[in-house]
1. Has region A:71-85 got any residue that is over 23 Å from A:L133 (Cα atoms), assigned to a loop (DSSP other than H, G, I, E, B) and in contact with a Ser or Thr (Cβ under 9 Å, 6 or more places away or on another chain)?
2. So, of the residues in region A:97-110 that are surrounded by 17 or more Cβ atoms within 10 Å (Cβ to Cβ) and not hydroxyl-bearing (S, T, Y), which turns out to be nearest to the other protein chains (Cβ to nearest Cβ)?
3. How many residues, within region B:227-237, are free of Cβ contacts under 8 Å to residues at least 24 places away in the same chain and open to solvent by less than 30 Å² (accessible area, probe 1.4 Å)?
4. Return the residue satisfying two criteria in turn: it lies in region B:209-219 and is in contact (Cβ under 8 Å) with a residue 12 or more places away in the chain and open to solvent by 20 Å² or more (accessible area, probe 1.4 Å), and of such residues it is nearest to B:F451 (Cα to Cα).
5. Out of (1) assigned to a helix (DSSP H, G or I); (2) open to solvent by 40 Å² or more (accessible area, probe 1.4 Å), the odd one out for B:I171 is which?
6. Exactly one of (1) surrounded by fewer than 22 Cβ atoms within 10 Å (Cβ to Cβ); (2) among the β-branched types (V, I, T); (3) farther than 21 Å from B:T329 by Cα is unmet by B:I240. Its number?
7. Going through region A:267-309 one residue at a time, which ones are in a strand (DSSP E or B), out of contact with any helix residue (DSSP H, G or I) (no Cβ under 8 Å at 6 or more places or on another chain) and under 25 Å from A:P68 (Cα atoms)?
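The values are calculated or read from the model by the stated rules, or taken from the named source; none is laboratory data. Not measured: the values here are computed from a predicted model. Positions of Cβ are backbone-derived with ideal geometry, glycine not excepted, and every protein chain shown enters the neighbour counts. Ligands, DNA and RNA are excluded from the accessible area calculation, which covers all protein heavy atoms including side chains. Shrake-Rupley method; radii C 1.70, N 1.55, O 1.52, S 1.80 Å.
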Amino acid sequence: MNPDEINEPIWKVPPPRASVMPARPPDPACQTITLQIDGRTVTVPAGTTLLQAASRLGLRIPTLCWAPTLTPINACRICVVEVEGARTLAPACARPAEAGMVVQTGSERVRLSRKLVLELLASSVALDRAPELLRLIQEYGADPERFGPSAAPADRRDARHAGHHHVGDGATAETVAQPVKVDNSLYVRDYARCVLCYKCVEACGTDAQHTFAITIAGRGFDARVSTEWDAPLPEGACVYCGNCINVCPTGALVFRTEHELREAGSWAPERQQETDTICPFCGVGCTLRVKVQDDKLVSVTSPPEVDVTGGNLCVKGRFGTSYVNG
Amino acid sequence: MDLKIHAPPPTTAERTAVDELLGPPAVVAHADRVRRGGPQVTRRDLLLPALHALQDRVGFLSEGGLGYVCERLRVPPADAFGVASFYALWSTVPIAPTVVHVCDDIACRRGGEALVTELGAALGPSGTNGGQTWKRSPCLGLCEQAPAAYVTRAGSPVFRTAFGNATITKIQAAFGGEDQSPSREGLSHFVPQTGSPGLKLLGRVGRLDPVDLDAHLGDGAFAGLQRALSIGPAAVRTEISGSGLTGRGGAAFPTGRKWDAVAAAPAQPHYLCCNADESEPGTFKDRVLMEWDPYAVLEGIAIAAFATGVEHAFIYIRGEYPLAEARLTEAIRRATARGLLGARLAGSGPPLTISVRRGAGAYICGEETALFESIEGKRGEPRSKPPFPVHVGLFGKPTLVNNVETLVNVPLILREGAASFAAVGGGASTGPKLFCVSGAVGRPGLYELPFGVTLREVLAVAGGTPRGLRSLLLGGAAGTFVGEEALDTPLTLEGTRKIGASLGSAVVMVFDHTSEPLDVIRRIAQFFRDESCGKCVPCRVGTQRLEELVARRLRGQPREGDELLREELGQAMRDASICGLGQTAHLAIDSGLRRLNPLPELAK
């Protein structure tokens, strides 16, 4: 029926009652497939990704842009694995397991690609607040220095035009260095630390918040996380849920409190304490993980493994509890 | 989703431009909004056409204009800005309404640089906001007529013209609104075989008025479609499989197998995308076909759609091809009015709608999944495969993607039969093939030759290499540099593979001894740095690092370790990039640098 033809409010017309109970759809979990990973056989339900299948065997594949609560975007390519017979490597986070697949998670080819990905990232992005990446750089023997000394920060990265760029002389390695964006009282955006994993964009968009305040703008090496027209956050759609901060793996998005403590040189992890509690505001009962330094609250997160939040909070839980500081 | 649009109101011109495309805004009564649970469902896929409408009318995308599009299409402003800033032909800052895009890519390298210098002197620096300005451009697909230029003049209506053998005089005439596209009489300079007997793909090119439907019908156009309708979809697919036709876009996938997969896909509806985003530097074959025989493209689409159960097909054509877009649009209009397309294919078949969508300056959108994203109104970022387009493609439905040249082969196969098609060439390389020959040859142009000819024979047909031969680029910027040792290689998929090269889009670009190989290689590195979408790390940062590496070499100051770096970087890009762009970006650079000996002294 054309909705334009409805003349009375829809709630007066109840839907017709189903006369037959619909049949239960077939359980996809009933279909299983068997494959081989690193020489070991594993049987998993159809639809399982290689990453999940490998974790069943206790194999650890590094990830960066993947998160359990987000749709795999497979942008970082750190999780690539070798599938026998395939021309290229496959992203374990997104590739569904297939029957009879033979997968290597740590072959020489795999390790080389991971090493290069780490080198490319570390040579262009400040990673000193990304402990997991620093650990991987050690593990894979990555040497970001091989691209040469870092170039001086370029100005106005936000104004770059797609398809056009200044061609350098190759003496230095271009980076994404740029000033921190401090435009509101709740959190800061330090895109010199951004690896463009898309997690914040996904969390702001269809994977959590449906606010769509940020996007990826520009393209190629000039691609960047941005609001419309690079507008300050208070002029855009941001609702300050802070779910982007929760998923950021490199410290590019941090609480203003943390940023200021770091700027003042008084950020002291050894004096910090994390406590799980329940949000005091509404009846949902979200789990809050509260970080305190010197008896002052510095940040609020929520563990992604907690069912009630999946790591997400609203502005009140995230930023509304600073009253405890008195 | 609540839209928060903080933009200033659009100007009247902007509002009119958008409303002309989308229709006047509907007035929705409050009660209706409540009943529907929100605003009307919108057409996100109209985002690119709407942004084109703005750019065409006022010459750039303003905050007000973009805000109005967001309001009309219910697209979040940040999202729309991400799209607007992705495409090179759009400007998100005020810029002169008349712009000449000058190709400075590999085939136009020298002439393009000279033009840029002259334009700089006449109009000032690139991208100014005055009356007229200029911009550098990647390959415009007019390599046989180097140097090339593409002029856009915003207004109502917009004026767009792309032309070769560009001079300041021609550019100024184009600024004044004078169409500079080649006439049919002049075509024989660029398609030297025009009018020769026995041409299978170029038979009508230059011989018939390209949009005269009667002339084309009289020459056998749509006879292949008639036969297809009479033998049925399954038999058509058998013919295509039997012909051995492989994709002519560069990947050379067996066409019949793709068609079978789409036809068998249970999800509905099925879509077809004709990939006319030809942007591989050195490639211009699809442009010539679309400009001079648009009905052959439409017939190919119609047969493919019939064989795979498609009722809505899209032609995604690059924005720098205004003449091809105009001719195809006119051909669709005439063929629909004649009852060949539309409600019933050729009067008796199933329905078929063909929509033309214009790209906006992004090489990556020639990658099939990036092409879907672009048609859907998004940034042209490739998707992960699998799932493959034959199962999950445009709008998430099974989709057939074929290149223009591939589709133009289809009517031929239907007319002449699979056996006669397969009798030419062999293996995975059957049938006639178009070669884009440019650079230092006697007669650069588009040539149709049977699969199996050698490189030497192609060069001979194109007038030889009167100024000597230093190197050849096979397959475009994503291809391979070869030298004289390759002259007796048959230009087939198998033959080129044997010498470690690839046929790609059948580019044969010739460089003589006056060329500057390192400058050409650097331009290729710049091309990929500019065209990478930026989604995956190996390509986003890798193309930047490759460019830096070549720049060091060009300065004569490579570092110790650069050789190993290039090898490892190349392997990681090939192995770990999402799509073909990143996977092949290092190929030409690698092969080009390897040919350059001796190595300059290393910097300490």
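1. Kept after step one, since they are over 23 Å from A:L133 (Cα atoms), are these residues of region A:71-85: A:83-85.
Next, from what is left, pick out any that are assigned to a loop (DSSP other than H, G, I, E, B): A:84-85.
Now restrict to residues that are in contact with a Ser or Thr (Cβ under 9 Å, 6 or more places away or on another chain): none.
Within region A:71-85 (the criterion being over 23 Å from A:L133 (Cα atoms), assigned to a loop (DSSP other than H, G, I, E, B) and in contact with a Ser or Thr (Cβ under 9 Å, 6 or more places away or on another chain)), the answer is no, since none of the residues qualifies.
2. Keep residues of region A:97-110 that are surrounded by 17 or more Cβ atoms within 10 Å (Cβ to Cβ), which gives A:97, A:101, A:103-105, A:109-110.
Among the residues that remain, those that are also not hydroxyl-bearing (S, T, Y) are: A:97, A:101, A:103-104, A:109-110.
On the way: A:A97: 12, A:M101: 12, A:V103: 15, A:Q104: 12, A:R109: 6, A:V110: 8 Å.
Ranking the qualifying residues of region A:97-110, first place goes to A:R109.
3. 1
4. The initial filter retains those residues of region B:209-219 that are in contact (Cβ under 8 Å) with a residue 12 or more places away in the chain, namely B:209-211, B:213, B:216, B:219.
After this cut, where a residue has to be open to solvent by 20 Å² or more (accessible area, probe 1.4 Å) as well, the list is B:209, B:211, B:219.
Working: B:D209: 28, B:V211: 29, B:D219: 25 Å.
So the residue we want is B:D219.
5. (2)
6. With respect to (1) surrounded by fewer than 22 Cβ atoms within 10 Å (Cβ to Cβ); (2) among the β-branched types (V, I, T); (3) farther than 21 Å from B:T329 by Cα, B:I240 is out only on (1).
7. A:E274, A:T275, A:D276, A:T277, A:I278, A:T287, A:R289, A:V290, A:K291
Yes/no matrix, rows are residues, columns are (1) in contact with a strand residue (DSSP E or B) (Cβ under 7 Å, 6 or more places away or on another chain); (2) of a type in the set (K, R); (3) under 22 Å from B:V288 (Cβ atoms):
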residue	(1), (2), (3)
B:R470	yes, yes, no
B:G476	yes, no, yes
B:T480	yes, no, no
B:E485	no, no, no
B:T489	yes, no, no
B:E494	yes, no, no
B:R497	no, yes, no
B:A501	yes, no, no
B:V507	yes, no, yes
